[in-house]
1. Sort out which residues of the range B:169-216 are touching a helix residue (DSSP H, G or I) at 6+ places or on another chain (Cβ under 6 Å), more than 13 Å from chain A (Cβ to nearest Cβ) and within 17 Å of B:GLN69 (Cα to Cα), and write them in order of number.
2. What number goes with the only condition from (1) within 11 Å of chain B (Cβ to nearest Cβ); (2) surrounded by 14 or more Cβ atoms within 10 Å (Cβ to Cβ) that A:ALA33 does not pass?
3. Within the set of pairs 6+ apart or on separate chains, which have a first residue in the range A:16-29 that is within 9 Å of chain B (Cβ to nearest Cβ), a second that is in a loop (DSSP other than H, G, I, E, B) and open to solvent by less than 20 Å² (accessible area, probe 1.4 Å), and C-beta atoms under 8 Å apart?
4. Across the range A:57-77, what is the total count of residues that are in a strand (DSSP E or B) and over 20 Å from A:ASP19 (Cβ atoms)?
5. Among the residues of the range B:43-52, is there at least one that is closer than 27 Å to B:ALA185 by Cα, open to solvent by 20 Å² or more (accessible area, probe 1.4 Å), within 17 Å of the chain's Cα centre (by Cα) and not aromatic (Phe, Trp, Tyr)?
6. Here's a check for you: in the range A:36-60, which residue that is surrounded by 18 or more Cβ atoms within 10 Å (Cβ to Cβ) and away from every other protein chain (no Cβ under 11 Å) is farthest from B:ILE193 (Cα to Cα)?
7. Tell me yes or no: at least one residue of the range B:16-24 is touching a strand residue (DSSP E or B) at 6+ places or on another chain (Cβ under 9 Å) and within 17 Å of B:ALA185 (Cα to Cα).
8. If you go through the range B:165-184, how many residues are part of a helix (DSSP H, G or I) and in contact with a Leu (Cβ under 7 Å, 6 or more places away or on another chain)?
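The values are calculated or read from the model by the stated rules, or taken from the named source; none is laboratory data. All of these numbers come straight from a predicted model, not from anything done at the bench. Cβ coordinates were reconstructed from backbone atoms using ideal geometry, including for glycine residues, and neighbour counts include every protein chain displayed. Side chains are part of the model used for accessible areas, which takes the heavy atoms of the whole protein and leaves out ligands, DNA and RNA. Shrake-Rupley method; radii C 1.70, N 1.55, O 1.52, S 1.80 Å.
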Amino acid sequence: MEPARLSEYMRFFFHLHNDIETLDEEGRDLPDADAALALAIDEARLMAAESVKTGHLDLTHNVEVTDESGATCFRVSFGDVLAIADRQEKSHR
Amino acid sequence: MIEKLFATIQERYAFSEEERDLLRDKMQETADFVPGDIIAPEGEEIHYSSLLVAGISCRSKCTADGMRQIMQFNIPGDFVDLHSYPLEILDHSITALTKCRIVKLPHRDITAIIESNPRLARILWFATMVDASIHREWLVCLGSRAGTKRVAHLFCEMFYRFRVVGLTEDTTYNFPVSQAELGQALGFTSIHINRMLRDLRDQGLVTFRNKLVEIHDLDALEQLAEFDPGYLYLGRRSS
């Protein structure tokens, strides 16, 4: 497949909603919505990992992706992209 | 045209008019680049060293999956690849991040300088040693300074470097790089960079917006970053 030319790229904005709101004013140019979703999932996992380092993880915290018009394309919450097993669950296996 | 280079030398060495004229004489040819252009390519023989006189470029390497690690931001007054003279072929590339202009110093002229003016040769050698020192400090940052400390450290370093070449106003300077590029330098994703910029702003330390860095409290920013400008070797040498 031919790589997308830069002129065909779309700009997506990645806003972080965790303990505070961090709005993305700069955006990222990406070939399509699939690429934006993949990036949002990576970002959500990495930011969840940052939360874990502080000892507090809220699974409703999320990354919201908007397009250039400001419309929300996706919202990826930390809980959506993490499979969490606890000890009780494991002991039943 | 190469006055910013002279500023970086004069900061560290007494620098005579003859030495200036020698460099002026040998540095005449310029080249212009647009963002994304390669100024000095990886893996190809290079016959001149490039002095950046306008714009911002970066030293970087890419991994097999296309991730770019930025190892240094170059600013006006920096020789971006003086080390291509002894190395001939670079293991990394220098890429324009904004519109850039360079002035060339042909390698045969560096040979002539070394043979005729050992003091100037040592001054040029010194410049490459400072680059090596900056790389060591970045290794410490990437390995051992976490989160906002690492971001704060970069803003401190760039402040001191821009100040030498007269590109600061009080504690404010233009730093035309994107959050993604900051991330590629500091080892964070852009969303994480954005979140840490928010923290630094909320703490009243520094604001980075519209490519402008405004340091609100330099002492506090340096303290957070554990920043010691010693590795930049500012101030006059003894000889």
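1. B:LEU186
2. (1)
3. Going by the 8 Å Cβ cut-off, the qualifying pairs are A:LEU16/A:ASP24.
4. Kept after step one, since they are in a strand (DSSP E or B), are these residues of the range A:57-77: A:62-66, A:72-77.
If we keep only those that are over 20 Å from A:ASP19 (Cβ atoms) as well, we get A:66, A:72-74.
Matching residues across the range A:57-77 total 4.
5. Our first condition is that a residue be closer than 27 Å to B:ALA185 by Cα; within the range B:43-52, this holds for B:43-46, B:48-52.
If we keep only those that are open to solvent by 20 Å² or more (accessible area, probe 1.4 Å) too, we end up with B:43-45, B:48.
Imposing the further condition that a residue be within 17 Å of the chain's Cα centre (by Cα) reduces the set to none.
No, the conditions are met nowhere in the range B:43-52.
6. A:ALA36
7. Within the range B:16-24, none of the residues are touching a strand residue (DSSP E or B) at 6+ places or on another chain (Cβ under 9 Å) and within 17 Å of B:ALA185 (Cα to Cα).
8. Here the count works out to 1.
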